[in-house]
Amino acid sequence: MGASGGSILGKKMGAGRLYGVGLGPGDPELMTLRAHRLISAAEVVAYPTLAGAASFARSIAAGFLADGVEEIVMDVPMTVEREPAQAAYDTGAARIAAALDRGKDVVCLCEGDPFFYGSFMYIFARLTGDYEVEVVPGVTSVTTCAAQAGMPLAARNERVTILPGPLPEEELRARIEGAESVAIMKVGRHMAKIRGVIEGLGLVDQAVYVERASLPEEVVCPLSEAPEKAPYFSMILLTKGADPWL
């Protein structure tokens, strides 16, 4: 039952609409026009934080938020175990649902693209059965890093493989070995392992390291010159194909 006591196709009548809005990689100028319009008009925004730290998503959108906007903060613990994070998303989804039930639209802010390693997918899974949900895609970190590095990833029939850095060493090696172009995300504390795998495959000269793409503190350099420690928002791009412009 919804705010007005009925439903259409399982959706609560009288409830607000939830928007999952992709913000792009960090530079507010890489936000889409639709994202900018929705955020500027929002009465309620929701966004994640990690272990009580400042929200990167909110920092991207901060200049466009209206005075007095209601903010729903979802504090997600940084743990290997899934249960604490899932509990945080349960709580966040319940608070968003309460705002929707009051007839308020809610704009949920998400770095990059909501459905590309985006935290919004966990909120979507919890609420899409009961509420109208619209997903607004955003510029991904993969395409941003390729652009900043001046490194085309694929042409014609070439394939791009996207790998998360936390994968086990042997799996990383096997997947990189069988790939043409590779984007390794979530490098962070896995930097030494990833670098070791790429060195072992003899591919260091074909790899580029990108850190905090599109932000003022951005770093782009050959993997051989990359720092030993990397932040979470870093990526390694690797291409094994011929020059795509030939």
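The values are calculated or read from the model by the stated rules, or taken from the named source; none is laboratory data. Quantities reported herein were computed from a predicted structural model and do not represent experimental measurements. Glycine also receives a Cβ, built like all others from the backbone with ideal geometry; neighbour counts cover every protein chain displayed. Accessible surface is based on the protein model in full, side chains and every heavy atom, while ligands, DNA and RNA are left aside. Shrake-Rupley method; radii C 1.70, N 1.55, O 1.52, S 1.80 Å.
Per-structure values
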item	result
Loop trypsin sites (Lys or Arg not before Pro), segment 16-46 (other Cβ atoms within 10 Å of the site Cβ: 16 or fewer; DSSP)	R17
Helix-derived mean residue ellipticity, 222 nm - over the chain, DSSP H n ≥ 4, -39500 (n - 2.57), to 500	-8500 deg cm²/dmol
Cross-link reach list, aspartates and glutamates versus K193, counting only Cα pairs under 12 Å and skipping chain neighbours closer than eight places	E169, E170, E171, E228
Under 5 Å, built H, 5+ apart or other chain: amide partners of D75	T49
Probe 1.4 Å, accessible area per residue of segment 1-128, Å²	49
Candidate lysines for bridging to K186, where Cα separation is under 18 Å - those fewer than 8 sequence places away on the same chain excluded	K229
For segment 1-132, share of DSSP beta bridges that run antiparallel, in % to the nearest 5	20
Centroid-to-centroid separation of segment 206-221 and segment 33-54 [C-alpha atoms, Å]	25
Segment 147-201 versus segment 99-131: alpha-carbon centroid distance in Å	30
Enclosed volume per residue, in Å³, of the convex hull spanned by Cα atoms of the chain	146
Axial C-alpha extent at least 15 Å, average Kyte-Doolittle at least 1.0 - helices from the chain (DSSP)	none
